[in-house]
Structure formats: C-alpha cells, structure tokens
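**Q** Would you mind keeping the following structure in view while I ask a few things?
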Amino acid sequence: MAGGKMTDAQTSGPRVSYGSDAVHFFRAWMAAPLRTGAQLPSGRELAKAMAAAVNPDAPGVIVELGSGTGAITQALVERGIAEERLILIEADPQFCALLKRRYPGARVLSGDAYAAPRMLRELDVGPIAAVVSGLPLLTQKPMKRQRLLLGLLRLGMPGSAFVQFTYFYRSPIPIGTRNIESDASPIVWWNLWPARVFTYRRPATALN
C-alpha cells in the first residue's frame, strides 16, 4: 500500500550506511566528477526533505534520477512508498548493483538519466506520480535541463511533481515563460553542503 505501515518488502535487505557509502561516492566522483556531481551522498535531512515533496497516495510510479547509493531512495521508502513503485535510473554500474541488493523490489535501470523520458515511454510504465532527481543538473546546458523537466512532466499525472535539490539559491532549471509552477523549500542546513529543494509542476490544463 502507498501509505501507512511499511511491508516486509520495504524493510528487507541492506540499507543505507552513510559512512561506507561516502567512500563509494567519493571514488565514483574521482572517476567521473561531472557525472557524479557531488563528492558525498545526500544527507539524511536533505533526503527527507526530497521525499516530503512526494505524495505517497498519488497513483503511479515514482521515478528517481541519479539514485547513487540510495540515500533518497531510503527516505522515499520510509515515507511509505512501496519499493515496487520505484524506478531507479543510475549511470554508474557499481551503484546499480548496490541499489539492486538494497531495494530488490524496485526496478533499477542502468543508463543516462537525461534519456529518461524516452526510456520510460519505451517501457510503457504507466503514469508517473513523481520524479525525484539527485542529478548534478548544473553541469549540463540550460536547454538540456529544461528538456528533461518538460519531457518527464508530460509523462506524469496532472499536477505530478518533479523534485530537484540544488546547492544554489536560485532554481537549477530555467523555466522562463513556460507554464510551470515551482516552489522552493527553506534551506536544509544539516547537509554537506546546505541545499534547497525545488518542486516543479505543470497545471493540468498545460500537460500536452
């Protein structure tokens, strides 16, 4: 079920270990800094703030972009979202293997998260309830970030959310005159480094 008490499937398997995961993350960052973006996984408070922007009762799948070692994934599960509703897209093969062990009920896709709209259309996974992104968006050109946002919002339910954190004060995705609603959380100070969570939505009348 979407809310309430977690099932056995949600509580089984190894979970996030921030100490050892920091080592995995730093090694991945050293190997491919632009792809990994951050030297460390998201902290607990930032992960909780990301998950809080997702309505667990909204119908459809939850897509996570750049899942890494699963810090935000764990916060989604703790919010009451069943693993079977999760689609985790991650480019690093070692992270993919780790996610499969930790979240055996989730669907883990290895690939470029910026190709997510095409990947999801080909899989015909049904409506998307929310997208949660840990991608280092600012390493990409503004137009590429905007295309990713619009492509995924078009696959979502009316009013579905695209959730993204940033270490900067302003929106990491330029929405310009697009008919997109956005709001930002207070700064999450208990994170290395302090971050904000931006949530984007397209009104139901502007989904096509």
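The values are calculated or read from the model by the stated rules, or taken from the named source; none is laboratory data. These numbers were taken from a predicted model, which means no experiment stands behind them. Note that we place each Cβ from the backbone using ideal geometry, even for glycine, and neighbour counts take in every protein chain shown. In case anyone asks, the SASA skips ligands and DNA or RNA and just uses the protein heavy atoms, side chains included. Shrake-Rupley method; radii C 1.70, N 1.55, O 1.52, S 1.80 Å.
**Q** How do the pairs read when you match residues in the stretch 155-184 that are closer than 14 Å to residue 139 by Cα with residues anywhere that are open to solvent by 50 Å² or more (accessible area, probe 1.4 Å) and in a loop (DSSP other than H, G, I, E, B), using Cβ under 7 Å and keeping only pairs 6 or more apart or on different chains?
**A** From residues that are closer than 14 Å to residue 139 by Cα, the pairs are 167/193.
**Q** Let me ask another. If you scan the stretch 142-179, which residues turn out to be open to solvent by 20 Å² or more (accessible area, probe 1.4 Å), in contact with a helix residue (DSSP H, G or I) (Cβ under 9 Å, 6 or more places away or on another chain) and more than 20 Å from residue 59 (Cα to Cα)?
**A** 144, 145, 147, 165, 167, 168, 174, 175, 176, 178, 179
**Q** State all residues of the stretch 42-70 that are open to solvent by 10 Å² or more (accessible area, probe 1.4 Å) and more than 14 Å from residue 129 (Cβ to Cβ); if no residue qualifies, say none.
**A** 42, 43, 44, 45, 48, 49, 52, 66
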